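K.L.:
Below is one structure. I have some questions about it.
The values are calculated or read from the model by the stated rules, or taken from the named source; none is laboratory data. None of these values were measured; they are calculated from a predicted model. Glycine gets a Cβ as well: all are built from the backbone with ideal geometry, and neighbour counts include every protein chain shown.
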Amino acid sequence: MSASSLNQAEPAAPSAAEAAVARESVQRLGEALAAANDTVRLHIEERDGTDRTVPVPSAAFRLLFSILSEMAQGNAVRVIPHHAELTTGEAAELLNVSRPYAVRLLDEGKIPSYRVGTHRRVLFKDVMAYREANYRARSAALDQLAALDQELGLI
């Protein structure tokens, strides 16, 4: 399969056989991940019997390990570049909210967006920045509630 034949926009759902191979891969690659420095060398055995070694940056190796871990559990996986443009539906899916709620976040300016014709687009990095900020705000509120509970002797 050539790199150009890969469609990154579609999630890759593993078959049962692929999930089994992914489980084996995760087990074997886990040790290499622990010892990974700047570069990991993967040994590839071609179908014709020839061998080659491919250098892989450790960051990409960690990503590969994460992908295989998800596939081992039967989960669909999709790689999204940081600069990717998303539809409102895709943004909603990443935030685990309804599409109308995601549109409201865009309308309120909580997530930057722009229009392409009549359609809205949002950058992946902006959705992830909102998600992280929202998570931090919720965690801080929860910490305040826990402190208040302790102060009032409720726990």
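K.L.:
Which of (1) at pLDDT below 95; (2) in a helix (DSSP H, G or I); (3) within 25 Å of ALA133 (Cβ to Cβ) does ALA92 not meet, given it meets every other one?
P.N.:
Just one mismatch for ALA92, condition (1).
Rundown of residues vs (1) out of contact with any Leu (no Cβ under 9 Å at 6 or more places or on another chain); (2) small (Gly, Ala, Ser), yes/no style:
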| position | (1), (2) |
| --- | --- |
| GLY30 | yes, yes |
| GLU46 | yes, no |
| THR53 | no, no |
| ALA72 | yes, yes |
| LEU95 | no, no |
| SER98 | yes, yes |
| GLU108 | yes, no |
| ARG120 | no, no |
| LEU123 | no, no |
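K.L.:
Which residue, of ALA9, ALA72, is of a type in the set (Gly, Ala, Ser) and either modelled with pLDDT of 90 or more or in contact with a Phe, Trp or Tyr (Cβ under 9 Å, 6 or more places away or on another chain) (or both)? Quick ask: steps written out before the conclusion?
P.N.:
Numbers: ALA9 fails: either modelled with pLDDT of 90 or more or in contact with a Phe, Trp or Tyr (Cβ under 9 Å, 6 or more places away or on another chain) (or both).
Selected residue: ALA72, the only one of ALA9, ALA72 that is of a type in the set (Gly, Ala, Ser) and either modelled with pLDDT of 90 or more or in contact with a Phe, Trp or Tyr (Cβ under 9 Å, 6 or more places away or on another chain) (or both).
K.L.:
Would you please name the residue that is surrounded by the fewest Cβ atoms within 10 Å (Cβ to Cβ), looking only at residues in region 96-127 that are touching a His at 6+ places or on another chain (Cβ under 8 Å) and not aromatic (Phe, Trp, Tyr)?
P.N.:
In the first step, residues of region 96-127 are kept if they are touching a His at 6+ places or on another chain (Cβ under 8 Å); the result is 123-125.
Still in the list and also not aromatic (Phe, Trp, Tyr): 123, 125.
Details: LEU123: 18, LYS125: 14.
So the residue we want is LYS125.
K.L.:
Given the structure, is ARG104 in a helix (DSSP H, G or I) and farther than 22 Å from ILE80 by Cβ?
P.N.:
Details: in a helix (DSSP H, G or I): yes; farther than 22 Å from ILE80 by Cβ: yes.
Considered against the rule, which asks whether it is in a helix (DSSP H, G or I) and farther than 22 Å from ILE80 by Cβ, ARG104 comes out as yes.
K.L.:
Considering only region 57-83, how many residues are surrounded by 16 or more Cβ atoms within 10 Å (Cβ to Cβ) and more than 13 Å from the chain's Cα centre (by Cα)?
P.N.:
2
K.L.:
May I ask you to verify whether ASP143 is assigned by TED's automatic domain parsing to the domain that holds VAL97, modelled with pLDDT under 95 and part of a helix (DSSP H, G or I)? Walk me through how you get there before you give the answer.
P.N.:
Working: assigned by TED's automatic domain parsing to the domain that holds VAL97: yes; modelled with pLDDT under 95: yes; part of a helix (DSSP H, G or I): yes.
For ASP143, the condition - assigned by TED's automatic domain parsing to the domain that holds VAL97, modelled with pLDDT under 95 and part of a helix (DSSP H, G or I) - is met.
K.L.:
Could you list all residues from region 110-140 that are assigned to a strand (DSSP E or B) and closer than 15 Å to ALA92 by Cα? Walk me through it before giving the result.
P.N.:
Of all residues in region 110-140, those assigned to a strand (DSSP E or B) come to 114-116, 119-123.
Selection gives HIS119, ARG120, ARG121, VAL122, LEU123.
K.L.:
While we're here: Kindly evaluate ARG138 against the criterion of being of a type outside the set (A, V, I, L, M, F, W, C) and touching a Leu at 6+ places or on another chain (Cβ under 7 Å).
P.N.:
Numbers: of a type outside the set (A, V, I, L, M, F, W, C): yes; touching a Leu at 6+ places or on another chain (Cβ under 7 Å): no.
It is false that ARG138 is of a type outside the set (A, V, I, L, M, F, W, C) and touching a Leu at 6+ places or on another chain (Cβ under 7 Å).
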